[in-house]
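The values are calculated or read from the model by the stated rules, or taken from the named source; none is laboratory data. What you see is a predicted model; the values in this text were computed from it and never measured. Virtual Cβ from ideal backbone geometry, glycine too; neighbours counted across all protein chains shown. Just the protein is used for accessible areas: all its heavy atoms, side chains included, with ligands, DNA and RNA removed. Shrake-Rupley method; radii C 1.70, N 1.55, O 1.52, S 1.80 Å.
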Amino acid sequence: MPFSKRLFDLLTAGLLLVLLSPLLAVLALLVRAAHGTPVLFRQQRPGYKGRPFTLYKFRTMTNRTGPDGNLLPDAERLTRLGRFLRAASLDELPELFNVLRGEMSLVGPRPLLMQYLERYSPEQMRRHDVHPGVTGWAQVNGRNAITWEQKFALDLWYVDHWSFWLDIKILFLTLWKAIKREGISQPGHVTMEEFKGNE
C-alpha cells in the first residue's frame, strides 16, 4: 500500500473512531437489545493478495432458527434495525478497526467471501492486488444493484486507476449515497446473490 494512502487511512480512521465513539456506543446498545449477543459479526474474508483476515461489522440479523434447527433465510432474520443499519451503511463502522490494523483501507474493492477465491478468473483475482476497502468504486456505482460482472469491472478499474484524489472522491460519494440510501439491494434480496463463478 502506498505510504500516503496508509497514512491517510490511519489518521482518518483514528479521527473517525474518536468522533463517532458516542454513536458507536449507542449502536452497540441498540444491536444488543435487538439481536442479542454477540454485538459484532465476525467473518473470515480475503484481504491483500487473498490472505484471510477477520472482518468486523455490527450484526444486522438475529439467530432465529426453524423447526429443523437451521437458521432461517436471511430475509426472515434481518430486523428493522438491521435494515436501517445496512441502508445507512452504519453496520460497516466497526471496519474502521480493520483499517487501523492494516487489514483494510478506507477505499478499495469490498472484501467478499473466502469461497469465492477459487471461482475467480485470473483477471478477477487482480482485485486483491490492493487492500480491500470499507467502501469502493463499485459501491458508489451501484453497490448491490449491479451484476457481478459490473462489480468486478469497477473493482479492476479502481486497481488500475488508483490515486489519492480518486479515494477522496469515493469517500464523498459514499457519504452522499449513504444519506440518500442509493444502491441498496432490490426488494426481496437482503444480500448480494452468491457469485457462482464464470460461465
Problem set entry | Qualifying residue in region 33-49 (condition: open to solvent by less than 40 Å² (accessible area, probe 1.4 Å), modelled with pLDDT of 95 or more, closer than 30 Å to Phe164 by Cα and not in a loop (DSSP other than H, G, I, E, B)) | yes
Seminar exercise, completed: By residue number, the members of region 125-151 that are surrounded by fewer than 22 Cβ atoms within 10 Å (Cβ to Cβ) and assigned to a helix (DSSP H, G or I) are Met125, Arg126, Asp129, Asn141, Arg143, Asn144, Ala145, Trp148, Glu149, Gln150
For this session: Mind listing just one residue for me: the one in region 68-82 that is within 18 Å of Ala33 (Cβ to Cβ) and over 18 Å from the mean Cα position of the chain (by Cα) and, of those, surrounded by the most Cβ atoms within 10 Å (Cβ to Cβ)?
Result: Arg77
For this session: Mind telling me which of the residues Leu85, Leu154, Leu112, Leu106 ends up being assigned to a helix (DSSP H, G or I), surrounded by 14 or more Cβ atoms within 10 Å (Cβ to Cβ) and in contact (Cβ under 8 Å) with a residue 24 or more places away in the chain?
Result: Leu85
For this session: From Gly69, Gly50, grab the single residue that is free of Cβ contacts under 8 Å to residues at least 24 places away in the same chain and not hydroxyl-bearing (Ser, Thr, Tyr).
Result: Gly69
For this session: Mind listing whichever residues of region 50-77 are outside any helix (DSSP H, G or I), under 30 Å from Pro109 (Cβ atoms) and small (Gly, Ala, Ser)?
Result: none
Exercise. Looking only at region 50-67, which residues are surrounded by fewer than 18 Cβ atoms within 10 Å (Cβ to Cβ) and either modelled with pLDDT under 95 or small (Gly, Ala, Ser) (or both)?
Worked result: Gly50, Thr62, Asn63, Arg64, Thr65, Gly66, Pro67
